[in-house]
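Taking it in order: structure first as C-alpha cells, then the write-up.
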Amino acid sequence: MKTTIKLAVASALVAAASSANAGIVIPAGDWTLDIGGVVNAYYTSTRFSGDDSAAGEYGNGDSVANITTGLLPNYLSVSGKTRQNDLDVGFTISINPGASTTQAGKQSAHQENRQAFLTFGDKSWGSIKLGKDLGIYASDAILNDMTLLGVGSAAGSLAGNTTTLGRIGTGFMYADWKSQVAYSSPNWNGFSFTAGVTQAWNAIAADSYDAGNASRGGNSPAFEAKASYEWAGDVSGKVWVSGITQKVKDLVTYFGARKSDRATAYDIGATVNVAGFGLTGYYGKGDGIGQTVQLARGFDWTGKSRDSDQWYVQGTYTIPGVGTKLGASYGKSTLEGNGNNDYFDEQEDSMWTVGAYHPVTKHLNLVAEYSQAKYETNYNFAAPSDEVKAKTISLGAILFF
C-alpha cells in the first residue's frame, strides 16, 4: 500500500503487531490494486485553565468532552501499480471522511481528499510523482511523532473537524498536503533523497497586525527537498534533513502598502531503536514560514519576516511479548516578534504527552493518552501576557487495514 498511511504503519510509531500489514490486494488485469486505510475514534476530555482572553471559546476552568478522530483522519485509499514499457507506473487516490459532528440533524462532518497522484519510474533511476500528496519539508517530523496513533492537542477546540493537531504547532510545523512534481532517488544502501516543486501558498494573517491578507504565492512555486539515511540491525534508525523556500509577493501591510519577501525553513531529525527502546529528536528553524501551518503569521504588520523554531524529544518502549508501546514526549514551537516594531515579543506553544498504544490484533490498537498543552504570548507596549493550558485525556482505538 504505497500511501502515506503505509509509511506511518511501517514507522516506529506503530505498535509491532499492526505494522507492515498489506492492504486488500486485488489483481485486476495488468494492474494490482491495493485498498487500505484507517478508521479511528476517541473519547476526549479537555480542561482549560489560564487567562480567559487567551482561551478563545473556552475560559478558565471550562471543560469539554468530545468523540472525534485523532491526528490521523479516517482514511480510504485506493492504489494501483503495473509494469509497462520498462516503467513502474502507479497511482493513489484517497478520501478522508470526518467522524465527528457537533450539530443535531447535521451530518456534514468535514471531508478531505488528501491524495491524488501518479508515479512512474524504475528502481535503477528513481521515480517521478505528479499530483497531491504529503509535503516534503517536515514530513519525517510528523511520521515519527507517537501521537500519530492518538490525539495530542486541540481535541477540545477542533470537534467536528477531520483531525486533531497531535504535536503540530507544539514541536514541529505541519507538512500539509500539497500539489507537487517531485523526484525520489533510488535507495543507495540506506541513503535516499527527494526534491520537488510544490504549489506556492499565500501568506495568512491572523489579524490586522500581521501582513499577508491578500498576498500572492502562486505566481512562483515553492521548492522543497529532503535527504535521509536509514539503517537496520540490532541498533536501527534514521537521520534526515529537509528544507523549503518560497517567494511571497504582494504582502499587504498595515498601511495598505505591498511588499515581497521570501519564506524559508530547514530541519534535522534522528530516531534510534534498540532492544524495544526508541528515541527521537527533532529541530526545525524558519524565517517567514510561521509556526504551526506554513505561511501563517510569518510576517509582521510592516511585512518584515518573523523567525520561528520548533523542537521535540520523544522516548518509547515496547513491552516484550505484549507489544504495548509506552511513550513520553515533549516539544515546543516559538514564534519571535520583531522587537518594538511588533505587537508581541514572543509566542511560545508547548506540550508534553504520555501514551500507551496496545495492539489487540495485528490491525487494531487501543490507545490511551494524556497531553498538557500550554499556549503563551508575551506582548509589547506593556500589555499583559496571555497564557492558557489545555489538559486532555483521550481513550479510543485505531484500525489499520
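Hey, could you check the stretch 249-263 for residues that are of a type in the set (A, V, I, L, M) and in a strand (DSSP E or B) and say which is surrounded by the fewest Cβ atoms within 10 Å (Cβ to Cβ)?
So the first thing to find is which residues in the stretch 249-263 are of a type in the set (A, V, I, L, M), and the list is 251-252, 257, 263.
Retained after the next criterion (residues that are in a strand (DSSP E or B)): 251-252, 263.
Working: L251: 28, V252: 20, A263: 24.
Of everything passing the filter in the stretch 249-263, V252 is surrounded by the fewest Cβ atoms within 10 Å (Cβ to Cβ).
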* To do: Out of the residues in the stretch 347-388 that are touching a helix residue (DSSP H, G or I) at 6+ places or on another chain (Cβ under 9 Å) and of a type in the set (D, E, K, R), state the one that is modelled with the lowest pLDDT.
  => D386
* Go over the candidates G278, G284, G269 one by one and state the one that is in contact with a helix residue (DSSP H, G or I) (Cβ under 8 Å, 6 or more places away or on another chain), crowded, with 17+ Cβ neighbours inside 10 Å and farther than 19 Å from S192 by Cα. => G284
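Is it the case, given these coordinates, that I136 is farther than 30 Å from V252 by Cα and either surrounded by fewer than 18 Cβ atoms within 10 Å (Cβ to Cβ) or among the hydrophobic types (A, V, I, L, M, F, W, C) (or both)? Give the steps one after another, and end with the answer.
Details: farther than 30 Å from V252 by Cα: no; either surrounded by fewer than 18 Cβ atoms within 10 Å (Cβ to Cβ) or among the hydrophobic types (A, V, I, L, M, F, W, C) (or both): yes.
Judged against the criteria, I136 is not a match.
Give me a count of the residues in the stretch 227-248 that are part of a strand (DSSP E or B) and either in contact with a His (Cβ under 7 Å, 6 or more places away or on another chain) or loosely packed, with under 14 Cβ neighbours inside 10 Å (or both). Walk me through it before giving the result.
Restricting attention to the stretch 227-248, the residues satisfying the condition of being part of a strand (DSSP E or B) are 227-231, 235-248.
Subsequent filtering for residues that are either in contact with a His (Cβ under 7 Å, 6 or more places away or on another chain) or loosely packed, with under 14 Cβ neighbours inside 10 Å (or both) retains 231, 235.
Number of matching residues: 2.
Assess whether V197 counts as being under 20 Å from I268 (Cα atoms), touching a residue at least 12 places away in the same chain (Cβ under 8 Å), assigned to a strand (DSSP E or B) and among the β-branched types (V, I, T). Please lay out each step first, then the result.
Numbers: under 20 Å from I268 (Cα atoms): no; touching a residue at least 12 places away in the same chain (Cβ under 8 Å): yes; assigned to a strand (DSSP E or B): yes; among the β-branched types (V, I, T): yes.
No, not satisfied.
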* Count of residues meeting criterion [over 19 Å from S153 (Cα atoms), aliphatic (A, V, I, L, M) and surrounded by 18 or more Cβ atoms within 10 Å (Cβ to Cβ)] in the stretch 296-326 -> 0
* Asked: of a type in the set (S, T, N, Q), surrounded by 22 or more Cβ atoms within 10 Å (Cβ to Cβ) and either touching a Lys or Arg at 6+ places or on another chain (Cβ under 8 Å) or outside any strand (DSSP E or B) (or both), is that true of S329?
  -> yes
* What are the residues in the stretch 77-103 that are closer than 20 Å to D176 by Cβ and buried (at least 17 other Cβ atoms within 10 Å of the Cβ), if any? -> S77, T92, I93, S94, I95, N96, G98
* Out of Q294, Q246, report the one residue that is touching a Pro at 6+ places or on another chain (Cβ under 9 Å), of a type in the set (S, T, N, Q) and farther than 19 Å from T147 by Cα. => Q246
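The values are calculated or read from the model by the stated rules, or taken from the named source; none is laboratory data. In this text, all values refer to a predicted model and were calculated from it rather than measured experimentally. Cβ coordinates were reconstructed from backbone atoms using ideal geometry, including for glycine residues, and neighbour counts include every protein chain displayed.
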